[in-house]
Structure formats: C-alpha cells, structure tokens
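Notes follow once the structure below has been shown.
The values are calculated or read from the model by the stated rules, or taken from the named source; none is laboratory data. Just so we're clear, the structure is a prediction, and the values are computed from it rather than from any experiment. Here the Cβ is made from the backbone with ideal geometry for all residues, glycine too, and neighbour counts use every protein chain on show.
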Amino acid sequence: MDLFRFSKDVFGQKMLVGVNWDFIWVPIFLAGLLILAHIILRVFVKHE
Amino acid sequence: MANKDEHQLSSDTESVRHKFVDRIFHWTAGVLILILLLSAFLPILGIKFDWLPWHWVSGVLLLFVLTFHIVRALFFQNFLNMIPKTDDIRELLFLSVKSSDPEKYNAAQKFYHLITAGSVLVLAITGAFMLVKIDTPLWNRNPAILSDDQWGIIYVLHGLSSLVLIFLVIVHTYFTLIPEHRQFLISMIKDSGPKWARKKKDD
C-alpha cells in the first residue's frame, strides 16, 4: 500500500497530491491500543 | 490521600488553574478542531456533504484563536510551565524526579501539549497556504503562488498532521474522562482546580 496519493498533471507527469487516506485507520487503531494498554495497566495496578 | 497516585492532588493546593479566557480558548479551539476533523474525514469515509465551507471557515477562525493563544502564552503567561524539562523525561520513564519543586503540568501533559502544538501549527500553516486555492467571499483563488511539487508537500504535511491529530484527540478525550483526571476536567470548566499536577517530591 502506497503511503502517498499521486495524480498526473496536464503534461502527464506524476504529481504528489497527498497522503493515502487508507491510513486513516492507523491513528484510530494506535489510540485504541494505547487506551487498551492503559485500561489493562489500571486494572493491574488496582489489584496490586 | 496516602493511596493516591502521583497524578492526584492534595486538597490544600486548590486554585484557579485556568483563567476564564484560557478556558474559552480551550473549548473554542476544541470545537473548531472537531469541526475541521469531521468536515475533512466524513466525506473520505463516505458521508458526502458540502464540506469545504465548514472546513475553511473553521480553519480561518482557528488561525485567529491560535494567534491569540500564542501571543497570550508568550507575553502574558509563564510559557515555561509548559516546556518539558529533564525531570519530565525522567517522570515519563518512571525514574525518580530530581527537583523537589511542584509543577503546574506533569510530564504527560507537557509532552501532549508539545506534540499537539506541533501538529496543529503544521496544520494551521499548511492550511493557511491552502486557503489561497479556494474562492471565498473574502479573496479570490491564486494557486500559482506554489508549484505542483510544492503543493504536494503542503498536502502531505497537512494530511500527516491531521492523522496525528486524530490520535491525539482520541487519547485526550479518553484521559480527560478517566476518574483520576476528573479534577483537571473540572478545572477546565469551573473557576477552581488543582494548582499542581506534579506535587512536591516529599508530598
């Protein structure tokens, strides 16, 4: 999967047009992972 | 009190943690950032609507609000309170903090602010450039100020920073709502709150 999106300019040359939006799920997944880790840590610390 | 962890505070340090004007800034910036994220990403996720007016108007308003905050932080507040120091790195690594002085913000708050400020600044600057690509009642478009390659870099920086901001908004919302941080949430609403986020070493 490409990190960036490309298009063609009026001369047919490759043109960078931005980030590949398929990566929108990466920050959501990472945030969920961090939250899950924190919840597990809280439960673990509570039982200590 | 003995069982409270370091993020919780003793009741003898209550004060006005955030002044009214700073609380207004926080919630205004928060609402604008949510409008910006939703207007940017809902169409990408398949919810189609005329997102551009929502996006650029919120963006312009956010530029004004951020300018106000930066001026206020630099000239009317002690911005050093928010700059991470060696002890903050130690705190983040679960090492013992050397200074015995209390801190208004703890390490997590300082680093969170630093990363958020960085990503929002990149978004604001690249967004300000992108404003010249659209016609508005206030100005006419002039995309010729940059080359296609330069626009590509602007779009990539804007997009990457927006992905970072999605992560930060989710994490911020979670840590705001957990019970240990209830006092910090209240301090962003009411005229009272904990004076210190990191207590004196011996407290």
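Some values worked out for this structure:
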quantity	calculated
Residue list for region B:56-98, filter: farther than 21 Å from B:Leu121 by Cα and either surrounded by fewer than 16 Cβ atoms within 10 Å (Cβ to Cβ) or touching a Pro at 6+ places or on another chain (Cβ under 9 Å) (or both)	B:Lys85, B:Thr86, B:Ile89, B:Arg90, B:Leu92, B:Leu93, B:Phe94, B:Leu95, B:Ser96, B:Lys98
Residue that is surrounded by the fewest Cβ atoms within 10 Å (Cβ to Cβ) [pool: residues in region B:99-148 that are farther than 30 Å from B:Asp88 by Cα and among the aromatic types (Phe, Trp, Tyr)]	B:Trp139
Any chance B:Phe184 is in a helix (DSSP H, G or I), aromatic (Phe, Trp, Tyr), in contact (Cβ under 8 Å) with a residue 12 or more places away in the chain and closer than 26 Å to B:Leu36 by Cα	yes
Lone qualifier among B:Ile115, B:Ile89 - being in contact (Cβ under 8 Å) with a residue 12 or more places away in the chain, farther than 27 Å from B:Tyr155 by Cβ and β-branched (Val, Ile, Thr)	B:Ile89
Filter result for B:His158 (in contact (Cβ under 8 Å) with a residue 24 or more places away in the chain, part of a helix (DSSP H, G or I) and within 8 Å of chain A (Cβ to nearest Cβ))	yes
Every pair of residues 6+ apart whose Cβ atoms lie under 6 Å, when the first sits in region A:1-15 and is surrounded by 10 or more Cβ atoms within 10 Å (Cβ to Cβ) while the second is modelled with pLDDT under 95 and among the acidic types (Asp, Glu)	A:Asp9/B:Asp148; A:Met15/A:Asp9; A:Met15/B:Asp148
Test: residue in region B:155-162 that is touching a Pro at 6+ places or on another chain (Cβ under 8 Å) and surrounded by 14 or more Cβ atoms within 10 Å (Cβ to Cβ)	no
Matching residues in region B:138-155 - criterion: being in a helix (DSSP H, G or I) and more than 25 Å from B:Pro53 (Cβ to Cβ)	B:Asp148, B:Asp149, B:Gln150, B:Ile153
Region B:112-137, residues that are outside any helix (DSSP H, G or I) and not polar (S, T, N, Q)	B:Ile134, B:Asp135, B:Pro137
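Rundown of residues vs (1) assigned to a helix (DSSP H, G or I); (2) more than 18 Å from B:Leu168 (Cβ to Cβ); (3) among the aliphatic types (A, V, I, L, M); (4) facing another protein chain (nearest Cβ under 9 Å), yes/no style:
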position: A:Asp2; (1), (2), (3), (4): no, yes, no, no
position: A:Arg5; (1), (2), (3), (4): no, yes, no, yes
position: A:Leu16; (1), (2), (3), (4): no, yes, yes, yes
position: A:Asp22; (1), (2), (3), (4): yes, yes, no, no
position: A:Gly32; (1), (2), (3), (4): yes, no, no, yes
position: A:Ala37; (1), (2), (3), (4): yes, no, yes, no
position: A:Ile40; (1), (2), (3), (4): yes, yes, yes, no
position: A:Phe44; (1), (2), (3), (4): yes, yes, no, no
